[in-house]
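Remarks on the structure that follows.
What follows is calculated from the coordinates using simple rules that are stated; it is not laboratory data. Everything numeric in this text was worked out from a predicted model, so none of it was measured. All Cβ positions, glycine included, derive from the backbone under ideal geometry; neighbour counts span all protein chains shown.
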Amino acid sequence: MATTALAPESAHPVLTALRGAIGAVRSALQALSYNRAGMIATWVFIVIVVISFVSPLVIAEPPPDYANIYAAPSAVHPLGTDFQGSDVLAQVLRGGEVVLIVAAVAAFVSVLISITFGALSAYAGGWVDTVITGLADVVLTIPGFPLLAVLAAYLRLSNPIFLALLIAALGWPTLLRAVRSQVLSLKERDYVEAARALDLGTVHVLFREILPNMRAYIAMYFVLSMTGAIYQQVGLYLLGFAPLAGDNWGIMLNLAWYRGAIFFKGSFWYIMAPIIAISVVQLTMVTMTRSLEEAFNPRLRKAG
Amino acid sequence: MPALIEVRQASQSFRTRRGVINALQDVSVSLEGGEVLCLVGESGSGKTTLGKMIAGLRRPTGGQVLFEGQDIWTASHEVFARYRRAVQIVHQDPYASLNPVQRVRDILAAPLERHGITKGRATLERMREILTQVDVTPPDDYLDKYPHQLSGGQRQRISIARALTLGPRVIVADEAVSMVDTSIRVSLLNTLLRLREDLNVAFLFITHDLGIAKYFGWSGNTAVMYLGRVVERAPTRALIAHPHHPYARALLSAIPEPDPELTRKKAKLLLRSLEIPSLLDLPRGCTFHPRCPLFETGLCDDQRPELTTLPDGREVACHVAVRDLLPRASGVA
Amino acid sequence: MATERITQPQPLVPNDVPAATAETILSVRDLWVEYATSRGSVRAVRGATFDLHQGESLALIGESGSGKTTLGLALVRLLPRAAQIPRGELDYCKGGKPVSILAMDQGSLRRYRWEECAMVFQGAQNSLNPVLTIRDQFFDTVRAHRRQSGREIEERAEELLKMVQLEPDRVLQSYPHELSGGMRQRVLIAMSLLLQPEILILDEPTTALDILTQRAIIDVLRRLKEQLGFATIFVSHDLSLAAELADRVATMYAGRIVELGPVNDIFYRSAHPYTGALLDAVPTVVGDEEKLTSIPGSPPDLRTLPTGCPFHPRCSFTIDRCRTEEVPVEWVSEHQQVACLRWRELRRERRSGASTD
């Protein structure tokens, strides 16, 4: 492990958060390595991410070819063509980027909200706790997806990032409760008491003593939030409540549905391609979280 | 001159679903600079609660904790902050008292830098010095270790080192050696004894093991606690030689000794009951009366014995023992 | 990491072990226990050899990682799945007829475990079923093994509960959470004796209990043993418990029995420097100030045992031979055996605190 001769820097909050994030990724990867399925899933996921981000740079937007719509798979179009004769494979390869970005941003924001307020709620207690958990309960009782659909249609989201923020705004309460209960238990630990006796301050206790012990846990919730966000945004695209611009698995599904691809014999792979892409991404992420869960078992961790 | 720390008539109660638990009632103890005070008692005696209260981690629900004469909970923030740093705690469980994600250097540097005691290079020097003081040598081999890379005894030493970072005047050692192996325990105790001499640190030494209290507190005082009260306080050696309170006598006679002939011959003080009363429903009068061999009807189950100072300075809270030791005193109605 | 030196288990048995006699109830010969771990196999018990006689009480003392609990579990074959017994003999000898415990099938093993040899585990206070009354648990225990009328069981239960100083009427209808830790421990001891076993194994029977409760358990065990005449094996880190209850004491270190002998020989004439060092590290409560000395270092990791005598890195009397030679077990006297190359020079008299009175 790389170490400098210098003592740790006096914690600048941003630096602390950054260190925490790096640590979270590191411990997540470490946790995943305990389980073969988790390791494979991680690598598949990384490959998908790389493809999704590289494809839009190297593959041009497939041009329409109205003479060749709903074509069956062939050598030129391995997955056939769509309603306007564009190549389906190119769309699938290019269509992951936005889906993943929206999911990641949504997950990041909701994890950020839940950690900040969940930890505050547990650590401060009293009326702060009452207000925050009360608010979380209110958001939790609202049927999320219908509200999301209504809001998305009403706000006419022009940018996928807004979509991500909207998903995040409704996704944080579950994680907040989980974070809160974790912090409640961690703050009773002897080392937290020792830190209090040393008068190290609330920021130190939260960011250096408590949260680093939740890294793997947070990483797990981050991935789970991403899967949730993927389902939600694909649902919104499918229903047409989100901007239908560019290549995107959700938009592909929407167009396939509304332009009647199901009536064309050769369009089986046109419909299946985005579904499979989404399913594989979800499967790899769920497998990753399951391994993360396993890694929480301290006995397993010790064996490593 | 006021005592370094004085706990005056302190009580601590907790509200639970089943009722109010009086963990500590009207406890008064004081601690001078460099003194050792051992707190001895069984589970439920309140010794840990008193330790946390003295460490400033728990506010008493009644009574006061005075630091050089000032009530730490009503005095200015500065007084409290000064107190906080002057009193440090060492916990029992070496596996829970160090943060698993921090290296030794993180653990020690945080308090040093946070309070501006040292910076940068000087911090490193200071950490080396402290580790050497607690016999973790050579220090450079340990600075980058995580707790799980250390043995139980070494972890306790790191806990002690952490407590030393702020130059404390009092260390509350809460069963600090009871979870380490027999072969290592004595060296840990010897380290603590040496720190007391070298640094003139006072110790509140909490233990259930009278043998350990005897060894560590030989030159200090010991207070025996039972169900939230101090029932006897005396210089350790006097208490071990002649305990006055029947509970202290029962404890001493009950302890198995690592010496077959001695332990099998030891005269046992028989109690009237083996069951400890619940803190939720304490007996009237003296809380020890349902178990006490000296029990007198109408006295012990009616009036609570106060902690009475004897001519030799020892304190006992027992009607019968005090009457026998102070024949002329009219303290007993 | 040091390489593992021993590839094949070496016999660490004393020469001329006397044959099991008529009094022997349990005979253990060169018993090894290995754990498979992710970092290779660990030998938790190495060559344990001893006899347990009828009505005798033997204490296995040692620190964490000495193998004492593993040995206790091996005697009733309740080892975790990752553990195995690569070699050794383990015979139960009721009525002078040895039966190999290692060869028992599941059925005989089940009978052996409660009816011949019962075990009370460490922290057993928490091992009672929380949703059943004590009466139900007593009945279940008996009926899993024997056909007995409710009346008979009830009578036996009451008798045993009285022996452990509990009120049968109150305790039998209680649920475990209604009893204190000390009471639960006594309930378990009573329960373990329901089927009149010949041997009772107790793992840390007084650990984590308050002093007055510990005293009650010790007194109860002593009385039960006098009345019922079973043999006991205590597994404990507490030398005082051994001093109180044991007839013989076995000191374990790094999986080996390094010294074994009558309790007074162990406490007053110990031959192994480790036993002596342990005694020097424990304070007595009564009496004057004592000089205690610690043992340097810490107990070894069983994965990376030192060569030669496993205690040599911590021993104050180490010579070159200790570092290289496998230490044989030798007889100090007719009843005391030790595994130390220098025991003849190091054997030490120690006075009892009782003799000064």
inquiry  = Can you list residues from other chains, or at least 5 along the same chain, whose modelled amide H is less than 5 Å from the amide H of residue B:231?
reply    = B:224, B:225, B:226
key: Tail beyond 27 Å, pair distance distribution of region C:37-168 (Cα, percent)   = 34
request  = May I ask you to list the trypsin sites (Lys or Arg not before Pro) in region B:227-271 that are in a DSSP loop and have at most 16 other Cβ atoms within 10 Å of their Cβ?
outcome  = B:268
ask   = What's the percent breakdown of Cα-Cα distances in the protein assembly as shown across 20 Å bins, shortest bin first?
value = 11, 34, 34, 16, 5, 0, 0
task = Return the long-range amide H neighbours of residue C:53 (sequence gap of 5 or more, or a different chain), with a cut-off of under 5 Å between placed amide H atoms.
result = C:25
ask   = Between region B:217-241 and region C:84-149, what's the alpha-carbon centroid distance in Å?
value = 45
request  = Mind jotting down the three principal axis lengths of region C:94-153 based on Cα atoms? Whole angstrom, largest first.
outcome  = 39, 31, 19
request  = For n ≥ 4 DSSP H runs only, could you compute -39500 (n - 2.57) per run for chain C, divide by its residues and tell me the 222 nm figure to the nearest 500?
outcome  = -8000 deg cm²/dmol
query = If you plug each phi of region B:86-103 into the Karplus form 6.51 cos²θ - 1.76 cosθ + 1.60 with θ = phi - 60°, what whole-Hz ³J(HN,Hα) values come out, in order, with x for Gly and Pro?
reply = 7, 10, 10, 10, 10, 8, 6, 8, x, 8, 10, 8, 10, 5, x, 9, 10, 7
request  = Pick out which of A:120, A:147, A:166 has the largest mean-square fluctuation in a Gaussian network model of chain A, springs linking Cα atoms closer than 10 Å.
outcome  = A:147
note = When chain C is treated as a Gaussian network with springs between alpha carbons less than 10 Å apart, the largest mean-square fluctuation among C:329, C:131, C:28 is found at C:131
Placed amide H near residue C:119: partners under 5 Å, 5+ positions off or other chain = C:201
remark   = Quotient of Cα radius of gyration and Kirkwood radius for region A:195-245, i.e. Rg/Rh, equals 1.38
task = Could you tell me the convex hull volume per residue, in Å³, taken over the Cα atoms of region B:48-154?
result = 127
query = Just the Cα atoms of chain C: what Rg and Dmax do they give in Å?
reply = 21.0, 67
message = For region A:22-102, what does the convex hull of the Cα positions come to per residue, in cubic angstrom?
response = 118
task = Counting helices only, and only those DSSP H runs with n ≥ 4, report the 222 nm mean residue ellipticity of chain A as the sum of -39,500 (n - 2.57) divided by its residues, in deg cm²/dmol to the nearest 500.
result = -23500 deg cm²/dmol
query = Taking springs between alpha-carbon atoms closer than 10 angstrom, which of A:137, A:247, A:190 fluctuates most in the Gaussian network model of chain A?
reply = A:190
request  = Step through the table entries B:265/C:94; B:268/C:225; B:47/C:162, compare each Cα-Cα distance with 28 Å, and write down the pairs that go over it.
outcome  = B:265/C:94; B:47/C:162
note = In vacuo Debye sum over C-alpha of region C:256-357, base-10 log of normalised intensity I(q)/I(0) at q = 0.19, 0.20 Å⁻¹, listed in q order, is -0.99, -1.08
query = Convex hull over the alpha-carbon atoms of region B:237-284: what's its volume per residue in Å³?
reply = 117
inquiry  = Give the lysines reachable from residue B:119 as a straight Cα distance under 22 Å; neighbours fewer than 8 places away on the same chain don't count.
reply    = B:145
request  = Let me know the Kirkwood hydrodynamic radius for region C:305-357, please, with Cα pairs as the basis and the value in Å to one decimal.
outcome  = 12.8
message = Taking 20 °C and 1.002 mPa s as the conditions, I'd like the Stokes-Einstein D for region B:174-308 in µm²/s, using the Kirkwood hydrodynamic radius from alpha carbon pairs.
response = 128
key: Calculated SAXS-style log₁₀ I(q)/I(0) at q = 0.19 Å⁻¹ - region B:104-151, Debye, Cα scatterers   = -0.56
ask   = What does the convex hull of the alpha-carbon atoms of region B:192-243 project to on average, in nm²?
value = 3.7
Peptide C:235-247 - average C-beta neighbours from other chains (10 Å radius) = 4
request  = Kindly give Rg over Rh for chain A, based on alpha-carbon atoms, with the Kirkwood expression for the hydrodynamic radius.
outcome  = 1.05
task = Can you spot the lysines whose alpha carbon is less than 19 Å from residue B:52's alpha carbon? Ignore those fewer than 8 places along the same chain.
result = A:187
Per DSSP, loop trypsin sites (Lys or Arg not before Pro) in region C:127-181 with at most 11 further Cβ within 10 Å = C:147
